[in-house]
Every structure is written in C-alpha cells, then in structure tokens.
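Below is one structure, written out as structure tokens; the observations come after it.
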Amino acid sequence: MTAYNTNIKEQSAQIEGITYNLCEIEMIRMNIPADNHSFRQELFTFLSEWFDRSNSVLVHTSGSTGTPKPMWVEKECMMESACLTCSFLHLQKDDTALLCMPLQYIAGKMVVVRSLVAGLNLLPVTPSGHPLKDLKEAPVFAAMIPMQVYNSLQVPEEKELLKQIKHLIIGGGAIDSALAKALKDFPNDIWSTYGMTETLSHIALRKVNGEEASEWYTPFDSVEIRLSREGTLVINAPKVCDKELVTNDIAELNEKGQFRILGRKDNTINSGGVKIQIEQVEAALKEHLTTPFLTTSIPDPKFGEIIVLLIEIGGRHETYEEIQKICEEVLPPYWRPKQIIPLEQLPLTETGKPDRATAKRLAEE
C-alpha cells in the first residue's frame, strides 16, 4: 500500500513539474499583483493558507438548493479524505492531476490536497466548460463536473484526451443516461462520486463504464450508512466528519451495503396527495428532449403544488407543442407539467448544478 504524507510541515507542492516549498510559495504569492485575479493566483493563495499555522481552511457550499454558505473545515480531515481517494484509485507519486475546479469550493481544494499528500504533479487549468482544450497530453487523474465531461465529448481532440485519462472522477451533479451511454465504452476507469461539502468531497463511488458499471454507490471502508425515518441517507464517516450527517437525499440500500440516490427530499413535490420526485421526472424526459429544461413546482389551490417545466429558448430544439406531446407520451398523468415556462437561460450555480431555489422563484413569479 502506498504511504501518503499527512505531515503538512513535510509537504511540498509540485506544479507543472516544478516543486515549491513554503518559502517559494509565499514569495510567488506576494509578487503577484493584488489586482491579478488569475487562477494561478488563487492556487498560490490557497497553498499559502494550507501551509499557515491554522488547523482549518474556509470553503463554501455549492448553493444548489439555496445561498452558498461559508464553512471552516479541518485540514487533518481533508487529508484523511484525500488519502481515501488516492488509495482507492491507486494514485502514485508524480502522477499528473488536472485541477480544473474553482478553488472556493471543496472539490477544487481537495484536488490540491490529494496532490500534496500523494506527491502528485498538479496541472492547473482555469475552470471552464472545456478544461482539456489547451492540453497536449492527458493527465493520469482528473476530477470534473458532468458539464465539463459533456462539453469535452463534443470536440474530437478533447474527447480523445478524455479517453486517455487513466482515473476520471465525475461529481457535483447527476450523470444522466445519455452521458453514461457516451462513456460506457471508454477504456479507462470512470467513477461517479457521492459526497458534499460536509463530507469533504466524496465518501462513495460507483463505476460508470465497463462491465462493472452500476447505479449503486459503494462507500469507503471507513464509512457507515443507513436510512432515516424519512428515507434519507444518513452518513457516519468518522475520518472526515466528527458527527453523523443526515442528508436530504432520498436513498435505497441493498444487501451489499451499497446505496443509490432517488432524489432530494426538498425536490419532492406533493401534488394532489401524490409524491413526485423531480429527479425522476427529469430522468424520464432527458431520454426524449433535446431542449435544455428544469423541473420545479408552484403552489396551487386545488392540488397544493403543481409541476412546472422551465425550458431554455433559442437554438434548434423542440417546439412548445412537441414538448407537450413528449410529456404526454412518456410521463404518467400525475408527473406531467401543468405549465411550461420559457426562459432565456436556465438558472445554474457556479459549479454548473441546477439552481433549484432560483428556478422555483422564477416559476412563482
């Protein structure tokens, strides 16, 4: 088993093949102009915070269901999480690791921490929808959100690099059936991750491609899971979180100790006494709709709540009438949207997730 370095005083950062110690990191950070808001500046600022005397660092939640919240997390717990991932994926010293996530969120910070504990060679790329566009060679390890993977598949050169990534983990949002189908024959391992800011990135993974592809997540060995009375997932991950965490994710467990996510509790719509899960409605429609859309609800005097479909106008997609027809053909009567609302642009968070709170507000307005 590979030994990982969890002594911050003995760590160094390897970036694009160059190793930096604390003094060099501080010198570079101080010499970058204050008005320079480049991604490289953000990286060296975080590294400076990592090597300071504080035991914790500040992160922000993604804000997919509300306003992003600041959170202080322990460096020791971040390193424990990093070791779990590096060990699971068998990452080795000097393996290249692509950093293409914003550094204010846990996902980006954890890529850096993994590089520090495992001695990985960090390749920083300014976060964008096409993180592979300027690369000549594929990294050994990469963490991306579904949107970045989808965009990379649309460009032949980027798709080829994506295929060559030895260990690709995808998080920050659900992988729909179309994306999973596009990745199923890729030669190297692709994993969907489950986690959140509070668990310091992921605590479970599931295989997306190959013969072992599954919709069931396997928790790390040190993680225990169960269901609450409301059917939501409860996580006990003592290495990364000092208390049991009751999530909002409605889940199902199997006899192997694995779980799959059915949707979020706050995405459950009670329409006329029938409980409907937004994610299940969206999964059914994604098989048939090319028009970008989100599902939400608005109050209704008769049904309590009704389902509303927000669609993004523009481009060569289905007409309003075609969307209505598709809904009638593929959805049960009680799942069908009672209203279809066109928008110039669907609300998304900075990390590319559906902004459910804004979607609901827009529908109500």
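What follows is calculated from the coordinates using simple rules that are stated; it is not laboratory data. Every value quoted in this text rests on a predicted model; they were computed, and no experiment measured them. Cβ: placed from backbone, ideal geometry, glycine included. Neighbour counts: every protein chain shown.
I want the local charge near Leu348. Using Cβ-Cβ distances under 11 Å, sum +1 for each Lys or Arg and -1 for each Asp or Glu among the other residues.
That sum, taken over residues with Cβ under 11 Å, equals -1.
Suppose the chain between Arg336 and Leu58 were pulled fully straight at 0.36 nm per residue; how much longer would it get relative to their current alpha carbon spacing?
95.9 nm
Can you give the FRET efficiency for Lys243 and Glu24, using 1/(1 + (r/R0)^6), R0 = 45 Å, r = Cβ-Cβ distance, to the nearest 0.05?
Computed FRET efficiency for Lys243 and Glu24: 0.75.
Going by average Cβ neighbours within 10 Å, how do the peptides 258-267, 73-82 rank, with the highest at the top?
73-82, 258-267
At Ala178 and Ser222, where each label point lies 7 Å from the Cα along Cα→Cβ, what is the point-to-point distance in nanometres?
4.0
Exceeding 22 Å between C-alpha atoms, which entries from my cross-link table qualify? They are Lys75/Lys239; Lys109/Lys286; Lys75/Lys136; Lys136/Lys159. Don't skip to the end; give the middle numbers.
Numbers: Lys75/Lys239 12 Å; Lys109/Lys286 32 Å; Lys75/Lys136 33 Å; Lys136/Lys159 12 Å.
With Cα atoms farther than 22 Å apart: Lys109/Lys286; Lys75/Lys136.
Give me the one-decimal nm value for the distance between modelled label points at Glu74 and Asn188, 7 Å along each residue's Cα-to-Cβ direction.
3.4
Among Pro70, Gln345, Gln41, whose Cα projects farthest towards the positive end of the dipole of the chain, with charges put on the beta-carbon of Lys, Arg (+1) and Asp, Glu (-1)?
Going by the charge dipole, the pick is Pro70.
Under 19 Å from a point placed 7 Å out from the Cα of Arg361 along the Cα-to-Cβ direction: which residues of region 260-276 have their backbone N that close?
266-267, by backbone N distance to the label point.
Out of residues 5 or more away from Ser201 or on other chains, whose amide H comes under 5 Å of its own, with H placed 1.01 Å from N in the peptide plane?
Met196
Taking the Cα centre of the chain as origin, sum charge times position over the Cβ atoms of Lys and Arg (+1) and Asp and Glu (-1), and report the length of that vector in debye to the nearest 20.
Using only the charged Cβ atoms, the result is roughly 340 debye.
In deg cm²/dmol and to the nearest 500, what is the mean residue ellipticity at 222 nm of the chain if only DSSP H runs of at least 4 residues count, each as -39500 (n - 2.57), divided by the residue total?
Details: 10 runs with 103 residues, N = 365.
For the chain, the value works out to -8500 deg cm²/dmol.
Step through the residues of region 165-180 one at a time and calculate ³J(HN,Hα) from phi using the Karplus curve (6.51 cos²θ - 1.76 cosθ + 1.60, θ = phi - 60°), rounding each to whole Hz and writing x for Gly and Pro.
For region 165-180, the Karplus curve yields 5, 6, 10, 10, 10, 10, x, x, x, 6, 8, 6, 4, 5, 5, 4 Hz.
Let's see if you can work this out: charge +1 on each Lys and Arg Cβ, -1 on each Asp and Glu Cβ, no other charges. What is the dipole magnitude of region 1-134 about its Cα centre, in debye to the nearest 20?
Approximately 220 debye in magnitude.
Considering the dipole of region 76-235 built from charges on the beta carbon (Lys and Arg +1, Asp and Glu -1) around the Cα centre, which of Asn151, Leu122, Leu91 is farthest to its positive end?
Highest projection toward the positive end goes to Asn151.
Give, in nm to one decimal, the length gained when the segment between Ser87 and Lys302 is fully stretched (0.36 nm per residue of separation minus the Cα-Cα distance).
Length gained between Ser87 and Lys302: 72.0 nm.
Choose one of Asn267, Leu183, Val113: the residue whose Cα lies farthest towards the positive end of the charge dipole of the chain (beta-carbon charges +1 Lys, Arg; -1 Asp, Glu; about the Cα centre).
Comparing the listed Cα positions along the dipole, Asn267 ranks first.
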